[in-house]
Amino acid sequence: MKNVWIILLLVLSISLVSAQQKHAPAGFDLYQSDISHGKIDTIFYFSSTVEAERSALVYLPPGFSPKKSYPVLYLLHGIGGDEYEWLKNGTPQIILDNLYAQGKLEPMLVVLPNGRAMKDDRASGNIMAADKIEAFATFQRDLLKDLIPYVEKNYPAKPGQINRALFGLSMGGGQALNFGLGNLDTFAWVGGFSSAPNTRMPEELIPNPQEVKDKLQLLWISCGDQDGLIQITNRTHDYLEKHQVPHVFYIEPGGHDFNVWKNDLYLVSQLLFKDSDQDHQ
Ligand code: FER
């Protein structure tokens, strides 16, 4: 009988340690041929915002069935990227396939949009040009009025705020925080990875802390400890802490690159669309 208790205690302590693990294990982003794989669609939607046809990618989970319905994660790219950036450099399809194989994810659709809402939305020429930066702000309207309605009409997406997540890296992190916190009736799961200077100042971003507390399931802000933009994540965190808004604040080893963002996706994806119990930091 004593042995049973010792074994139980051991199992409990191991699971507690692994629950606190804050870094993806080796191999999390390596393709495995012997598991089920998701599928990537390219979609074309008419944007009334840009007055042009625009493209985005949709990753469907392994075992996807049009007879089921799924919550949706919108995952945004950075200033030098487009709808292919995550796929090429972050391999979300591999990271998520591996997590699905381990039963660690709630099945979801992942939409990879182009967050530069203008006619020429390629990351060419001067990516810092004023009109291109402006297009990252314009994308809010495209996302809300054009892309989300297209996705929800053409895919078996579960409707409602509770079934929409908005995350992004750098410029996309700023977009996710600005648009997500500015539209609390549309998104319930919001976060920025290494968010860029397009992130609104905290007082503007969260004018009503109580509403964020009431409406969000998850608010995540993370950044690499060697990232020159860390001050933006820190200032957001300081404000959230001051106003006692629950959020995950995660400073991890690394710079402004996909080593950090892949790890963020690995961690965040496991929290989405599940009962949340946010860290109070
Ligand atoms: C800036 C520095 C970085 C800026 C944007 C970025 C708009 C974005 C970086 C990225 O998306 O990786 O001053 O201003």
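No value in this document is a laboratory result; all are computed from the given coordinates. Just so you know, these numbers come straight off a predicted model, no measurement behind them. Heads up, the Cβs are rebuilt from the backbone with ideal geometry, glycines too, and the neighbour counts pull from every protein chain shown.
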Going through the range 29-41 in order, the residues found to be surrounded by fewer than 18 Cβ atoms within 10 Å (Cβ to Cβ) and either of a type in the set (D, E, K, R) or within 19 Å of the chain's Cα centre (by Cα) (or both) are ASP34, LYS39, ILE40, ASP41
Of everything in the range 159-187 that's under 12 Å from the mean Cα position of the chain (by Cα) and among the small types (Gly, Ala, Ser), which residue is nearest to the ligand (Cβ to nearest atom)? SER170
Going by what's in this entry, would ILE79 be described as among the aliphatic types (A, V, I, L, M), within 14 Å of the ligand (Cβ to nearest atom) and buried (at least 16 other Cβ atoms within 10 Å of the Cβ)? yes
Where a residue in the range 115-134 is under 14 Å from ASP146 (Cβ atoms) and in contact (Cβ under 8 Å) with a residue 12 or more places away in the chain and its partner, wherever it lies, is within 10 Å of the ligand (Cβ to nearest atom) and not in a helix (DSSP H, G or I), with Cβ under 7 Å and at least six apart: GLY115/LEU76; GLY115/HIS77
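Pull up the range 198-220, narrow it to residues that are aliphatic (A, V, I, L, M) and within 18 Å of the chain's Cα centre (by Cα), then point me to the one that is nearest to the ligand (Cβ to nearest atom).
LEU205
Condition check ((1) over 25 Å from SER65 (Cα atoms); (2) of a type outside the set (Gly, Ala, Ser); (3) out of contact with any strand residue (DSSP E or B) (no Cβ under 6 Å at 6 or more places or on another chain)) across all residues:
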| site | (1), (2), (3) |
| --- | --- |
| GLY81 | yes, no, yes |
| VAL110 | no, yes, no |
| ILE127 | yes, yes, yes |
| ALA135 | yes, no, yes |
| LEU144 | yes, yes, yes |
| ILE148 | no, yes, yes |
| ASN163 | no, yes, yes |
Taking ALA24 as the residue in question, decide whether it is small (Gly, Ala, Ser), surrounded by fewer than 20 Cβ atoms within 10 Å (Cβ to Cβ) and under 19 Å from the mean Cα position of the chain (by Cα). yes
The lone exception for ASP142 - which of (1) among the acidic types (Asp, Glu); (2) over 17 Å from GLY174 (Cβ atoms); (3) buried (at least 18 other Cβ atoms within 10 Å of the Cβ) it fails: (2)
Scanning the range 82-105 residue by residue, the ones that are in contact with a Ser or Thr (Cβ under 9 Å, 6 or more places away or on another chain), assigned to a loop (DSSP other than H, G, I, E, B) and in contact (Cβ under 8 Å) with a residue 60 or more places away in the chain total 2
Is it the case that LEU96 is within 15 Å of the chain's Cα centre (by Cα), more than 16 Å from the ligand (Cβ to nearest atom) and not small (Gly, Ala, Ser)? yes
Filtering the range 106-137 down to residues that are more than 14 Å from the ligand (Cβ to nearest atom) and either of a type in the set (A, V, I, L, M) or not in a loop (DSSP other than H, G, I, E, B) (or both) yields MET108, LEU109, VAL110, VAL111, LEU112, ALA117, MET118
Candidate set from the range 250-263 (those that are over 17 Å from ALA26 (Cβ atoms) and within 14 Å of the ligand (Cβ to nearest atom)); member that is farthest from the chain's Cα centre (by Cα): GLY255
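Output the residues belonging to the range 63-76 that are more than 15 Å from the ligand (Cβ to nearest atom) and under 17 Å from the mean Cα position of the chain (by Cα).
If the condition is that a residue be more than 15 Å from the ligand (Cβ to nearest atom) and under 17 Å from the mean Cα position of the chain (by Cα), then TYR70, PRO71, VAL72, LEU73, TYR74 are the ones that fit.
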If SER195 meets every condition in (1) within 16 Å of the ligand (Cβ to nearest atom); (2) polar (S, T, N, Q); (3) more than 14 Å from the chain's Cα centre (by Cα) apart from one, which number is that one? (3)
